[in-house]
1. Look at region 41-85 and say how many of its residues are open to solvent by 10 Å² or more (accessible area, probe 1.4 Å), part of a loop (DSSP other than H, G, I, E, B) and within 10 Å of ligand 1 (Cβ to nearest atom).
2. With the structure loaded, tell me whether Val180 is closer than 24 Å to Ala39 by Cβ, surrounded by 22 or more Cβ atoms within 10 Å (Cβ to Cβ) and either outside the structural domain of Arg61 (by TED's automatic domain parsing) or in contact with a strand residue (DSSP E or B) (Cβ under 8 Å, 6 or more places away or on another chain) (or both) or whether it fails that test.
3. Check whether at least one residue in region 371-385 is in contact with a strand residue (DSSP E or B) (Cβ under 8 Å, 6 or more places away or on another chain) and assigned to a loop (DSSP other than H, G, I, E, B), and report yes or no.
4. Collect the residues in region 202-222 that are open to solvent by less than 20 Å² (accessible area, probe 1.4 Å) and in contact (Cβ under 8 Å) with a residue 24 or more places away in the chain, keeping them in residue-number order.
5. Within region 271-278, can one find any residue that is more than 16 Å from ligand 2 (Cβ to nearest atom) and either under 13 Å from the mean Cα position of the chain (by Cα) or closer than 19 Å to Ala74 by Cβ (or both)?
6. Select from region 224-252 the residues that are within 11 Å of the chain's Cα centre (by Cα), within 16 Å of ligand 2 (Cβ to nearest atom) and in a loop (DSSP other than H, G, I, E, B) and list them in ascending order.
7. I'd like the residue in region 456-470 that is within 16 Å of ligand 2 (Cβ to nearest atom) and of a type outside the set (S, T, N, Q) and, out of all such residues, is surrounded by the fewest Cβ atoms within 10 Å (Cβ to Cβ).
Amino acid sequence: MIPVFDNSYARLPGRFFARQPPVPVAAPRLLAVNHALAARLGLDGDALERPDWVAVFAGNRLPEGAAPLAQAYAGHQFGGWVAQLGDGRALLLGEVVAPDGARFDIQLKGAGPTPFSRRGDGRAWLGPVLREYTLCEAMAALGVPTTRALAAVATGETVWREAGLPGAVLTRVAASHVRVGTFQYFAAREDTEALRLLVDHVIARHYPQAGDAAGLLDAVVAAQARLIAAWMSFGFIHGVMNTDNMAVSGETIDYGPCAFMDDYHPDRVFSSIDQFGRYGYANQPAAALWNLAQFASSLLPLMGGAAAVEPATEAIHRFTPIHEAARLARFRAKIGLATEAAGDGALIERLLALMADQGADFTRVFAGLADGTAAAEFRDPSGFEAWARDWRARSAAEADPVAVMAGANPRYIPRNHRVEEAIVAAVAGDLAPFHRLNGVLARPFDDHPGAEALQAAPRPDQAVRQTFCGT
Ligand code: AMP
Ligand code: MG
């Protein structure tokens, strides 16, 4: 079981990255291997649990064919320009080609310092590693495009943050790690040759139909418009939608201070550093649009310069109709509608407004529509009952609303307090809650008898209202 590495990014010119081997750790110990993902990659999950592979996941051994490197990128962080970011605690080991020809980046996150680390230590601690593992895999199970987690290992070393914490490394798998910020990096340096090579690389890898830079812009706009609609439909808040955290593949990337909402409110923010709610739930489409405008301006030199400003602007503005149509389609399904009628959008917004007003649980209300238990999620159910009468009238024309809802409304999401609980237990040496949570989240639309506690909304004393960057 030797993965076939074919490292297309490493064949780009040297200014795209810094070659950097991982820094070995003291005592690698396996925490998790993702057997389903291993199978997708054409790898044998059992073999990945053996010491030689655990050593790979820890950065202590390089697999044959790997060409480790830290990728260069720049980005806007909360709107402020940073000319050089880059992989400061992550290394691309290389790309593996699955049996069906699909290409995946294999990246170690927390594998030691790189030339881009600047102030950081290049390491990660157990909490963010397990958090990313659980959340990205939950997103994948919900059908949302996302980077994945192949493995997590403990390093046996202490990482210093506010206190000494157990170190860990996550093996992340992605369609690619090229970000909007990768384009910005070369655009800011007026390196048009590098931009052209990057466009060709991304088109070949993700959007073979795109043809040229203008086609690539269209494709990325559409992919992001649909991605954000998926986030909205599951109450997901990314939390740090900086341009360096937006993958041009259209996958969700960078699970730092992200969270799934419990009680619904459009202004909900979890990230401790998002003081002004720039990346709050309802602001996510606008934040994506802002990032795409940065992407478009990076591409301008390849689109004809100043003359391309108008078509590029039009391309960006196609985001909103694509996003709104995708969002409406997803929320229609959430209330069981397979057909389209003029008042559907208003009906959905009315329900959301009631939920916000009453602090109703996002996931439980939608799951409860099919079960007839949604009213119980409202402090005062009378508003909901009135809404439900109109909803039932609208649903009368539908063939099988329950089946439509079953595929759109998860019963289980990675609730913040349960994720935190699993991390606390893992730090104390007990991985059982982490594995149990992941097991349920792997089939989020199903019933899991005995797992009611994972389905319940947090009591006020359990609720976790703040999340932190994953450093
Ligand atoms: P993020 O907030 O995860 O998007 O990270 C922003 C930038 O900070 C990226 O360039 C990271 O590589 C870098 N960074 C984050 N944590 C660390 C760390 N522990 N050591 C070095 N660099 C880091
Ligand atoms: Mg990042």
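The values are calculated or read from the model by the stated rules, or taken from the named source; none is laboratory data. What you see is a predicted model; the values in this text were computed from it and never measured. We place every Cβ from the backbone using ideal geometry, glycine too, and count neighbours over all the protein chains shown. To get the accessible areas, we keep the full protein, side chains included, count just its heavy atoms, and leave off ligands, DNA and RNA. Shrake-Rupley method; radii C 1.70, N 1.55, O 1.52, S 1.80 Å.
1. Counting residues in region 41-85 that are open to solvent by 10 Å² or more (accessible area, probe 1.4 Å), part of a loop (DSSP other than H, G, I, E, B) and within 10 Å of ligand 1 (Cβ to nearest atom) gives 3.
2. Details: closer than 24 Å to Ala39 by Cβ: no; surrounded by 22 or more Cβ atoms within 10 Å (Cβ to Cβ): yes; either outside the structural domain of Arg61 (by TED's automatic domain parsing) or in contact with a strand residue (DSSP E or B) (Cβ under 8 Å, 6 or more places away or on another chain) (or both): yes.
No: the conditions fail for Val180.
3. As a first pass, look at region 371-385 and keep what is in contact with a strand residue (DSSP E or B) (Cβ under 8 Å, 6 or more places away or on another chain): 377.
Filter once more, keeping what is assigned to a loop (DSSP other than H, G, I, E, B): none.
Looking for residues that are in contact with a strand residue (DSSP E or B) (Cβ under 8 Å, 6 or more places away or on another chain) and assigned to a loop (DSSP other than H, G, I, E, B), one finds none in region 371-385, hence no.
4. Val202, Ala213, Leu216, Leu217, Val220, Val221, Ala222
5. No, every residue in region 271-278 fails to be more than 16 Å from ligand 2 (Cβ to nearest atom) and either under 13 Å from the mean Cα position of the chain (by Cα) or closer than 19 Å to Ala74 by Cβ (or both).
6. Within region 224-252, His238, Gly239, Val240, Met241, Met246, Glu251 meet the criteria.
7. Within region 456-470, the subset within 16 Å of ligand 2 (Cβ to nearest atom) is 467-470.
When the remaining residues are screened for being of a type outside the set (S, T, N, Q), the result is 468-470.
Values: Phe468: 16, Cys469: 13, Gly470: 22.
Across region 456-470, the extreme among qualifying residues is Cys469.
Yes or no, residue by residue, for (1) crowded, with 22+ Cβ neighbours inside 10 Å; (2) modelled with pLDDT under 95:
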site	(1), (2)
Glu95	yes, no
Ala102	no, no
Leu108	yes, no
Pro113	no, no
Gly120	no, yes
Leu130	yes, no
Leu135	yes, no
Met139	yes, no
Pro145	no, no
